[in-house]
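A.B. asks: Supplied in structure tokens, the structure appears directly below.
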Amino acid sequence: MNILKFNFKPTVFTIKGKDHKIKSHYVDLILSFIVNRMISTTDLQNGYVEIPSKTFRLLYDNYWVYIAYLIEKGIIERKPYSVTNHTCYGYRFCYQFIRNLQITEVILNNPSEPKTDCKEIPIEDQAFVDYKIIQRLKSDFLNAEIDITNIDRVRIENTAYVDAKKYFYNVIQLFKWKAGNEHIYYQWISNRLYTNFTFLSSHYRVSNVKLNNEPIFEFDITSSFAIMLAVYCIQVNPYIVNDNDFKEYCTSIKQKSFYEDLTESLNITKDCDSRKVKLDKNGNVIAHRPFTKDIVKRLFQIFINGNTNRVPFIEGYSNSFVKEQFALKYPCIYEIIDQVKSNNEQIYYKLSKIESEFIVGIVEDLYNKVPEIKILTCHDALYLPISYKDIGEEVWNSHMESLLNNLPDNIVRAQFDSTIMEDYGMYEDEDEDIYVEKRKDFNCSQKVDLDIEDEDNEDEDDFDWFYN
């Protein structure tokens, strides 16, 4: 267990008329235990993590004194977890405490251990990348600067409360990377490069990591696996580009509205099908709540990677909703996905192969154009020192244009009629191929940035939570 230092001073606490010495290392032990349980628990109940009293007793026999002390001082709060017998409590950190907390030291007891693929990847699904590029990326990774002096706290979505689980998780990950040696993680697994950097949440990658002592700038593919699915479909069936449903799918991708469009379609279908009763795995009727983008994204990931006969649920939603929608709206794509699954193949490997080869191709291009540049990668994104933003934008846009131009769409593009333009006193210059006014140039060839997301946008196609 990793021990976080909370910097409490020894004191005396009186409970039931008896004085008890409060020692700082026991405070650190108990709070660190709560932190580690919080991080390892998938779904917290309103921020509370369930910890039985017997588990605390195995940690430290006199734990109850420290729990009472921490509750009275406004460090943690506790509420009954079991409504029936109140024997098992839930614990969470108090808002004011976590808001002002700054961890300055972490005693790391869990070194990063190499992992191996749980399944062998077929040779045709393995990404082919230059080993020299991977080694060069490792050099850049090892030379990155990690800031552990000012670690932000991010809010839980749509609330004013700090996401304590995310904060503590990233604190530990940053301290591990900073410590180096056995805590360094750098390994190619399942067609993807995993490092201490990829383990960080999006906000902390940009806020607490530097290259060349500069802030880093992110280039990220919007709806990456949705794009790679379209690319894969064309590889399997080149004639699919003529299919109108496939064009509609690609249009949604190019307009960066894939998950929003899918969410809207699912909600419309759900409203029209409200009389159709759906049951969860326990046989309970699923309420017809509106789909959210986050839920739809996870259901889409399960649909892509899951077993054909398996119907998992996320917060009461079944992935069969997405399956039925794809079969109805994009039958040509659904047939290809279903065929892959029927052959007991993993479509995750096929899509991650395309994605990784694409990203590594951009990295290689940047290394060739700017030999001194340093780069960090995170699956469908890459990060450059801020001073290289312009050249990075140029190379990134070039590769994204080449990728997206291979996908068909239903986008109506504006066509300029020179006779109409001349009515407004504007004439075509044959040499420069632009329209110019008698006294003022009018340039209509401005390029629009493709797929460069704002730094705060964490709309990633990270399928690792499902597969690894």
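A.B. asks: Please work out if residue 374 is within 17 Å of residue 212 (Cβ to Cβ) and either modelled with pLDDT under 95 or not in a helix (DSSP H, G or I) (or both). Steps first, please.
C.D. replies: Numbers: within 17 Å of residue 212 (Cβ to Cβ): yes; either modelled with pLDDT under 95 or not in a helix (DSSP H, G or I) (or both): yes.
The answer is yes for residue 374.
A.B. asks: From the residues in segment 259-271 that are under 16 Å from residue 294 (Cβ atoms) and touching a Phe, Trp or Tyr at 6+ places or on another chain (Cβ under 8 Å), which one is surrounded by the fewest Cβ atoms within 10 Å (Cβ to Cβ)?
C.D. replies: 267
A.B. asks: Just need a number here: residues in segment 178-210 that are within 19 Å of the chain's Cα centre (by Cα) and either part of a strand (DSSP E or B) or not β-branched (Val, Ile, Thr) (or both).
C.D. replies: Of segment 178-210, the ones within 19 Å of the chain's Cα centre (by Cα) are 185-209.
Right, trim to either part of a strand (DSSP E or B) or not β-branched (Val, Ile, Thr) (or both) and you get 185-197, 199-205, 207-209.
Here the count works out to 23.
A.B. asks: Among the residues of segment 379-413, count how many are closer than 26 Å to residue 200 by Cβ and in a loop (DSSP other than H, G, I, E, B).
C.D. replies: The qualifying residues number 2.
A.B. asks: Would you mind finding the one in 187, 173 that is at pLDDT 90 or above, under 25 Å from residue 91 (Cα atoms) and not charged (D, E, K, R)?
C.D. replies: Working: 187 fails: under 25 Å from residue 91 (Cα atoms).
Going through 187, 173 in turn, the sole match is 173.
A.B. asks: Only one of 43, 28, 61 is closer than 29 Å to residue 185 by Cα, modelled with pLDDT under 90 and either surrounded by fewer than 14 Cβ atoms within 10 Å (Cβ to Cβ) or among the charged types (D, E, K, R) (or both); which? Full working, then the answer.
C.D. replies: Values: 28 fails: modelled with pLDDT under 90; 61 fails: closer than 29 Å to residue 185 by Cα.
None of the others qualify; the one that does is 43.
A.B. asks: Restricting the first residue to segment 385-414 and requiring it to be more than 27 Å from residue 140 (Cα to Cα), which pairs with a second residue that is of a type in the set (Ser, Thr, Tyr) meet a Cβ separation below 7 Å and a spacing of at least six or different chains?
C.D. replies: Within 7 Å, the pairs are 409/251; 410/251; 411/251.
A.B. asks: Could you grab me the full set of residues in segment 337-366 that are part of a helix (DSSP H, G or I), within 29 Å of residue 327 (Cβ to Cβ) and among the charged types (D, E, K, R)?
C.D. replies: 338, 341, 350, 353, 355
A.B. asks: Cβ-Cβ below 9 Å, separation at least six or inter-chain, first residue in segment 31-60 and in contact (Cβ under 8 Å) with a residue 40 or more places away in the chain and over 18 Å from residue 77 (Cβ atoms), second hydroxyl-bearing (Ser, Thr, Tyr) and surrounded by 14 or more Cβ atoms within 10 Å (Cβ to Cβ): which pairs?
C.D. replies: What qualifies is 39/169.
A.B. asks: Scan (1) out of contact with any Lys or Arg (no Cβ under 9 Å at 6 or more places or on another chain); (2) modelled with pLDDT of 95 or more for the single condition residue 385 breaks and write down its number.
C.D. replies: Going through (1) out of contact with any Lys or Arg (no Cβ under 9 Å at 6 or more places or on another chain); (2) modelled with pLDDT of 95 or more one by one, residue 385 breaks only (1).
The values are calculated or read from the model by the stated rules, or taken from the named source; none is laboratory data. The structure presented is a predicted model; accordingly, all values stated were derived computationally and were not measured. We place every Cβ from the backbone using ideal geometry, glycine too, and count neighbours over all the protein chains shown.
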